[in-house]
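Below is one structure, written out as structure tokens; comments come after it.
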Amino acid sequence: MAESLKREARMFRDLGHPVRLKVLCILAREGRQCVCRMLPELKVPQPTLSRHLGILRSHGLIEDEREGTMVFYRIADEAVLVMMRAAGLPCACGESTKQPKGKAR
């Protein structure tokens, strides 16, 4: 139990970064996106964005999919959107036509 709580605490701590929240908002709003489409809105260097994406992926919040040399990211599960709505993030409150792969648990 203590290990599980530590893991969950780390996830919430990692979610406390504005760039990571903005990434989740972009993916909730736009659906599947490549890094090149997110960079202009985020205004961070590509290596910085890649590091933030890796952190979100390590917590299972986003998934990646390769197509040739391109990597696309998306919200991993509907439960992520539920969590974002519960946190009051306005970007997760609207109905998106671009649904994540999984269903809420």
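Stretch GLU8-ASP64 to full length: gain in nm at 0.36 nm per residue minus the Cα-Cα span?
Full-extension gain reported as 18.0 nm.
What does the helix-only formula give at 222 nm for the chain: each DSSP H stretch with n ≥ 4 adding -39500 (n - 2.57), the total divided by the residues, and the result rounded to the nearest 500 deg cm²/dmol?
-16500 deg cm²/dmol
With unit charges on the beta carbon (Lys/Arg positive, Asp/Glu negative), name the residue among HIS17, ILE62, LEU49 whose Cα is farthest towards the positive pole of the charge dipole of the chain.
Going by the charge dipole, the pick is HIS17.
Place a +1 charge on the Cβ of each Lys and Arg in the range 2-87 and a -1 charge on the Cβ of each Asp and Glu, then give the dipole magnitude about the Cα centre in debye, rounded to the nearest 20.
Magnitude of the dipole: close to 300 debye.
Would you calculate the volume per residue, in Å³, of the smallest convex hull containing every Cα atom of the chain?
Once divided by residue count, the hull of the chain is 112 Å³.
Would you mind checking which residues have amide H under 5 Å from VAL71's amide H? H placed 1.01 Å from N; only 5 or more apart, or other chain.
Result for VAL71 returns VAL35.
Quick note: the coordinates plus some simple rules give every number you see, no bench work behind them. Just so we're clear, the structure is a prediction, and the values are computed from it rather than from any experiment. Note that each Cβ is placed from the backbone with ideal geometry, even for glycine, and that neighbours are counted across all protein chains shown.
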